[in-house]
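For reference, the structure discussed in these notes is given below.
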Amino acid sequence: MSSRRLVAICDAAAVLARNDLNAHRSYACAAYMPSTKHGNKAPWGAATAAVVGLAYWLYNEQPVRCWNRQLELNESIKKAQDACRLQHWLASVGANLDAVDLRDSQLAEAGLGVFASDNVWKPLQVSWWKQPWYRWRKPNDGIILATFPLHAAITPQTIVSDPVLGSTYQELLNIGVVDERALILLFLTVERQLGKDSVWYPWISMLPQKLNTPLFYSDEDLAELKGTSLEEAVGVQKWQLRQAWKRLQPACTELLDKSGSFHQQPTFEDFMWAHGIFHSRSLAFPQPQGVDGHVSSTPQEGIVPGLDFCNHRESSRAKWTIFGTPGLKLDGSGMPTVVPTEVALVCLRQQAPKPGQEVTINYGDKGNEMLLMSYGFTQSSNLHDVLMIKCPVAPPEDRDQLLQARLALLRSRGLTPQLFLPADLLEARPTRTSADRRLRLPKDVEQTLKILVMMPKQLASELASEEELGPADNTLDAVEQSGERMAVLTTLVGLLELKHLQMEGEDGTGSLESDIQLIEAEQDDADGGTMSETKRACLIYRSSQKHIAREYLIRARQELHHELNRLHKLKEAEDVNGQGRK
């Protein structure tokens with residue numbers, strides 16, 4: 001054992017004996033660091049644990065408490081050493097993590113996170129004579145916090161380039177057994193089974209082995225989603241994944257056999273885990289490529305190890321980029337003059353994180369339904385929330401010609417028999433007198449409802465115009481337009497009432513008021529509350545769904561009442577005009 005490592009271990013024991021929980025992390029990393037003299041890279045976890053245990057036994061007067069404390073600290077030291085091992089592996093494949101560290105996130109059940117290190121100030125340092133220039137001309141220039149090489153990203157291109165299994169993956173892709181997304185799922189399943197024999201093991205070993213998304217919920221947890229769109233979506237997606245696994249299991253077994261490593265039989269649970277990892281960590285990013293001296297890009301999906309540990313915060317100041325990396329030279333069209341080879345984690349100079357502060361990114365404008373299904377968390381007061389309502393449609397064998405015509409017209413216009421009602425349209429528009437709380441619907445929703453209530457003659461004309469690529473001659477007078485509007489609103493009210501009953505009725509999860517009371521009671525609990533993160537996330541999601549359904553229902557009923565009065569007035573005026581002509 002080198003003297004440097006022995007000193008680090010003894011220092012760690014002394015610090016831990018003083019019950020300093022925050023200081024042990026740096027000592028654990030130092031104890032793990034390889035000896036430059038002997039080149040021995042094996043972590044000294046056993047020696048560390050022995051010294052730590054002895055120190056605690058000597059300094060703590062309560063043996064039972066000391067034992068529990070020792071177990072907790074040993075586990076914490078192991079996590080710190082694993083995080084250090086991951087950082088070394090990332091550096092070995094070309095990542096630059098000088099300004100950041102990887103350690104447990106401060107966010108609830110978020111796993112590892114990316115934190116600014118003491119070296120985060122280095123990119124900010126400039127000569128004293130340049131400081132006025134930077135304050136005056138470059139207050140918003142970007143700085144690089146970390147970079148991750150694209151050749152180490154998990155994409156279809158890197159998978160088929162694998163020296164051992166790449167040709168087999170390529171063959172599966174060529175014959176259509178997998179598409180590009182299924183290829184990544186298959187790759188993750190195989191690499192997990194390979195364990196320590198996998199090149200990717202330092203990264204895979206730090207991924208959560210148990211995911212907290214609805215696909216992995218127990219029956220008790222799923223009961224918290226009764227009546228919501230997610231309840232049905234979970235069942236449908238599980239069935240689809242089982243069908244996909246039946247098709248891919250032979251290929252997975254063949255790949256593992258060809259790897260030449262000892263492995264267990266892959267299971268559906270392994271494939272489910274790969275699916276959850278992909279959807280919680282993948283990015284859609286441009287793949288740069290050089291063609292005839294020009295740089296272009298093609299969109300692709302993949303996972304960038306290292307960057308995938310950045311957690312989400314809506315007000316995040318950092319972001320990832322490929323073509324916007326500071327220092328990248330651009331041509332007149334705004335494209336780089338050389339092909340970028342890295343994904344950069346960047347932020348503005350004036351918004352650089354302080355040492356020890358977690359570096360988060362914004363996952364995008366996602367509603368709670370998508371956040372919960374993909375990542376396992378939700379956000380309160382999420383203006384990106386959307387209520388999805390499925391329009392009841394008979395099975396194919398029971399559909400009459402009229403319904404088939406409606407569905408055909410929907411398909412021709414890129415629509416489905418579903419309504420997506422966003423929360424942001426419920427925001428009141430201030431006027432001179434009062435807030436404008438009238439019903440506002442997205443154009444797609446209006447168009448879908450019109451097709452579902454369209455008269456047969458008008459429907460046939462619209463279908464003919466779609467085939468002839470010409471406008472349909474379906475001019476309606478004022479009374480007919482009001483009648484059509486009445487039909488649209490009546491259908492909408494009926495669908496909203498059904499959704500409201502599904503969520504808040506006897507077979508649902510109770511009223512919106514009861515959900516709000518549970519959330520407020522948890523927030524007011526001085527002890528931090530006893531509610532699980534899963535239940536809290538489900539409460540926030542379903543209460544938002546109930547709120548959106550109620551608000552649209554109230555406004556749709558009001559709009560229906562106004563339209564009914566308008567229709568009566570139009571008919572009265574039509575009758576008066578008819579009598580005048582007589």
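The values are calculated or read from the model by the stated rules, or taken from the named source; none is laboratory data. Since we're looking at a predicted model, the values are computed, not measured. Don't worry about glycine lacking a Cβ; one is built from the backbone with ideal geometry, like all the others, and counts go over all protein chains shown. Only protein heavy atoms, including side chains, enter the accessible area calculation; ligands, DNA and RNA are left aside. Shrake-Rupley method; radii C 1.70, N 1.55, O 1.52, S 1.80 Å.
What the table shows:
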{"quantity": "Given (1) surrounded by fewer than 18 Cβ atoms within 10 Å (Cβ to Cβ); (2) more than 14 Å from SER381 (Cα to Cα), number of the condition LYS499 does not satisfy", "calculated": "(1)"}
{"quantity": "Residues (over 16 Å from PHE187 (Cα atoms), open to solvent by less than 70 Å² (accessible area, probe 1.4 Å) and among the charged types (D, E, K, R)) located in segment 235-273", "calculated": "LYS238"}
{"quantity": "Residue count for segment 154-181, restricted to those that are within 29 Å of the chain's Cα centre (by Cα) and not in a helix (DSSP H, G or I)", "calculated": "8"}
{"quantity": "Residue within segment 413-431 that is farther than 24 Å from VAL488 by Cα, aromatic (Phe, Trp, Tyr), in contact (Cβ under 8 Å) with a residue 12 or more places away in the chain and surrounded by 12 or more Cβ atoms within 10 Å (Cβ to Cβ) present", "calculated": "no"}
{"quantity": "Those residues of segment 196-213 which are in a helix (DSSP H, G or I) and either open to solvent by 20 Å² or more (accessible area, probe 1.4 Å) or touching a strand residue (DSSP E or B) at 6+ places or on another chain (Cβ under 8 Å) (or both), in sequence order", "calculated": "LYS196, ASP197, TYR201, PRO202"}
{"quantity": "Residue in segment 375-390 that is assigned to a loop (DSSP other than H, G, I, E, B), more than 24 Å from the chain's Cα centre (by Cα) and either free of Cβ contacts under 8 Å to residues at least 12 places away in the same chain or surrounded by fewer than 20 Cβ atoms within 10 Å (Cβ to Cβ) (or both) present", "calculated": "no"}
{"quantity": "Complete set of residues in segment 88-122 that are buried (at least 21 other Cβ atoms within 10 Å of the Cβ) and part of a helix (DSSP H, G or I)", "calculated": "LEU90, VAL120"}
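Matching residues to (1) touching a helix residue (DSSP H, G or I) at 6+ places or on another chain (Cβ under 6 Å); (2) over 28 Å from SER92 (Cα atoms); (3) at pLDDT 95 or above; (4) in a helix (DSSP H, G or I):
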site	(1), (2), (3), (4)
CYS252	yes, yes, yes, yes
GLN264	no, yes, no, no
PRO299	no, no, no, no
SER315	no, yes, no, no
